[in-house]
Amino acid sequence: MEQTRPQSAKRRRDFDPAARGALDGVRVVDLSRLVAGNMLTKVLADHGAEVLKVEPPAGDSLRAWKVGGIETAWKTWCRNKRSLCLDLRRAEAVEVVKRLAATAAIFVESFRPGVLEEMGLGPDVLLALNPRLVIVRVSGWGQTGPFRHKPGFGTLVEGYAGFAALNGFADREPVLPPMFMADAYAGLYGASAAMIALHHATATGEGQVVDLSLFEPIFAVLEPQMANWRVSGQVKPRTGSRSTNTAPRNAYRTRDGGWLSLSTSTQAVFVRLMHSIGRPELVDDPRFRSNPDRLANIEVIDGIIRDALAGMDRDEALAKFDRDGVTIGPIMDVADLDADDYVAAREALVEVPDAEMPGGWLPMHGEVPRLSATPGIFRNAAPKLGADNDAILAPLLGEAELARMRAARIVLQGSSEK
């Protein structure tokens, strides 16, 4: 769907290098790759932490995820961060990381378990250098257990954790999510864990290791599925957009081809829905009188609602149900969201200057979470590879040592030195 509506200038942001957030003064050394670690450190960077991305000569693997030749994933997940480019296959580069870790509050990595130790950067080494350091170790299956050496891709975790078995329709295959769900949950849990551990370190002077798998966060958000299984002895079936707890709840198509999502989680909403579609007599129909009755007759009540909405256009239905107090809303796609007044008003989507993007503006999500006294910041665009070598390493190493490491290709500057 081609975007025809002009973008609203009120949601445009300029980067402010002087911006400060609640985590101002917190240095984060980030050796992670791809989504989970970058999601974690994005949250910290958005609230003022100085996140130093330590990248290999080829750059973070996220840089390779391009659309139309543009590093859209890198640009959106790595705003507010800084980039150092070190060849960590060289012992001197590892020594530089140690010196950075000694100045940091948080250290993030996402290597296969054991690799950090092989590099000479294990937690024992880092904590000896900096006893207050919070070390977040991101992996697919955790630092312990029989799967610790297995590949840690989110897709495998989304299948193993039980999500795919719940997702989709009963007569079709399980459906994996079409986005980085396990990684995103891990990143968000990881940001919380890092802050919990940092609070402890501030209070006691004691650092610690956060063992963050991709598996546990997505497994945890599927509560209370395990308790339900133990009580009922029944594996929850795939129900598409329906719910096993309340009815009706589904996605319904309108006359003009739009889609609406409906939830009637309370009896009052069901009553309002029946009056709104002109079927008030169904409120007292024994098949639909209570939620358990409706669940037992879900095909019938779903058919009635489907037929009612099939005779209405999407905007007509939305306006009518909004007036009648029915909890129904549009199912939006990315083109809808890009032109949506609510999204713009909330600044859930903002635009920042970017010469590589069509029109010169890069859309990205606003700051999450939203704080009243210390709002998130837009300090700088996602950095070019090695862009901050001089600014960070010259004070740490001295100009002469930095020049020597450049000449030896231990410290590199972007693609021109690859």
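The values are calculated or read from the model by the stated rules, or taken from the named source; none is laboratory data. All values derive from a computational prediction rather than experimental measurement. For neighbour counting, all protein chains shown are included, and Cβ atoms are generated from backbone atoms with ideal geometry for every residue, glycine included. For accessibility, only protein heavy atoms count, side chains too; no ligands or nucleic acids. Shrake-Rupley method; radii C 1.70, N 1.55, O 1.52, S 1.80 Å.
Along the Cα-to-C-beta direction of Thr244, a point sits 7 Å from the Cα; which residues of the stretch 187-222 have their amide N less than 15 Å from that point?
In the stretch 187-222, the label zone of Thr244 (backbone N under 15 Å from the point 7 Å along Cα→Cβ) covers 222.
Counting pairs on different chains as well as pairs 8 or more places apart, how many Lys pairs in the chain have Cα atoms under 13 Å apart?
Count of close lysine pairs: 8.
How much length is gained on full extension from Lys236 to Trp65, taking 0.36 nm per residue of separation minus their Cα-Cα distance?
On the way: separation 171, 0.36 × 171 = 61.56 nm, distance 3.56 nm.
The span from Lys236 to Trp65 would gain 58.0 nm if fully extended.
With charges set only on the Cβ (+1 for Lys and Arg, -1 for Asp and Glu), what does the dipole of the stretch 135-261 come to about its Cα centre, in debye to the nearest 20?
Roughly 460 debye for the stretch 135-261.
Under 20 Å from a point 7 Å along the Cα-to-Cβ line of Ser290: which residues of the stretch 227-258 have their amide N that close?
It comes to 232, 243-249, nothing else.
For a quick check: with amide H placed at 1.01 Å from N, whose amide H comes under 5 Å from Val108's, ignoring anything fewer than 5 positions away on the same chain?
It is Val29, Asp30, Leu31, Val136, by chain and number.
Can you give the local net charge around Arg287? Use residues other than it whose beta-carbon is closer than 14 angstrom to its beta-carbon, Lys and Arg +1, Asp and Glu -1. Can you show the working numbers first?
On the way: positive: Arg279, Arg289, Arg294; negative: Glu281, Asp284, Asp285, Asp293, Glu299, Asp302.
Its environment carries a net charge of -3.
Antiparallel DSSP bridges in the stretch 20-100: what percent, to the nearest 5?
10 percent
Name the residue from Tyr342, Leu385, Ile304 whose Cα lies farthest towards the positive end of the charge dipole of the stretch 268-414, charges +1 on Cβ of Lys and Arg and -1 on Cβ of Asp and Glu.
Leu385
Please label the shape of the stretch 111-180 as rounded, prolate or oblate, based on the square roots a ≥ b ≥ c of the eigenvalues of the alpha-carbon gyration tensor (a/c under 1.5 means rounded; beyond that, a/b larger than b/c means prolate, else oblate).
In terms of gyration-tensor shape, prolate.
Tell me the carbon and sulfur percent of the accessible area for the stretch 47-202, rounded to whole percent, probe radius 1.4 Å. Working shown, then result.
Working: 4170 of 6740 Å².
After summing per-atom areas, the C and S share lands at 62 percent.
Given a 1.4 Å probe and every protein chain left where it sits, what share in percent of the accessible area of the stretch 262-379 is carbon and sulfur?
57 percent
Among DSSP beta bridges lying fully in the chain, give the percent that are antiparallel, nearest 5.
Looking only at bridges with both residues in the chain, the antiparallel portion is about 40 percent.
Where the only charges are on Cβ atoms (+1 Lys, Arg; -1 Asp, Glu), what is the dipole of the chain about its Cα centre, to the nearest 20 debye?
Here the size comes out at about 360 debye.
Residue-wise, which Karplus ³J(HN,Hα) couplings in Hz belong to the stretch 26-34, taking 6.51 cos²θ - 1.76 cosθ + 1.60, θ = phi - 60°, and x for glycine or proline?
8, 8, 10, 9, 10, 9, 6, 10, 6
Quick one: net charge of Gly311's neighbours, Cβ under 15 Å, K/R +1, D/E -1?
So the surrounding residues net to +1.
Placing +1 on the Cβ of each Lys and Arg and -1 on the Cβ of each Asp and Glu in the stretch 359-418, which of Leu397, Leu362, Thr374 has its Cα farthest towards the positive end of the resulting dipole?
Leu362
Mind running the shape call on the chain? Use the C-alpha gyration tensor, a ≥ b ≥ c as the square roots of the eigenvalues: rounded below 1.5 for a/c, prolate if a/b tops b/c, oblate otherwise.
prolate
Going by average Cβ density within 10 Å per residue, which order do the peptides 402-411, 176-185 take, highest to lowest?
Output ranking for 402-411, 176-185: 176-185, 402-411.
Residues with amide H under 5 Å of Asn80's amide H, sequence separation 5 or more or different chain, H placed in the peptide plane at 1.01 Å from N; which?
Residues meeting the amide H criterion: Arg379, Asn380, Ala381, Ala382.
Which residue fluctuates most in the GNM of the chain (Cα springs below 10 Å): Glu118, Glu109, Glu55?
Of Glu118, Glu109, Glu55, the Gaussian network model singles out Glu118 as fluctuating most.
Please give me the summed charge of the neighbours of Val210: other residues whose Cβ is under 15 Å from its Cβ, Lys and Arg +1, Asp and Glu -1.
-3
Which of the three applies to the stretch 24-106, rounded, prolate or oblate, going by the alpha-carbon gyration tensor with a ≥ b ≥ c and a/c under 1.5 meaning rounded?
oblate
Specify the residue with the greatest mean-square fluctuation among Gly233, Gly398, Gly162, computed from a Gaussian network of the chain linking alpha-carbon atoms under 10 Å apart.
Checking each option, the largest mean-square fluctuation is seen for Gly233.
Please arrange Glu299, Glu316 by accessible surface area, largest first, computed with a 1.4 Å probe and ligands excluded.
Descending order: Glu299, Glu316.
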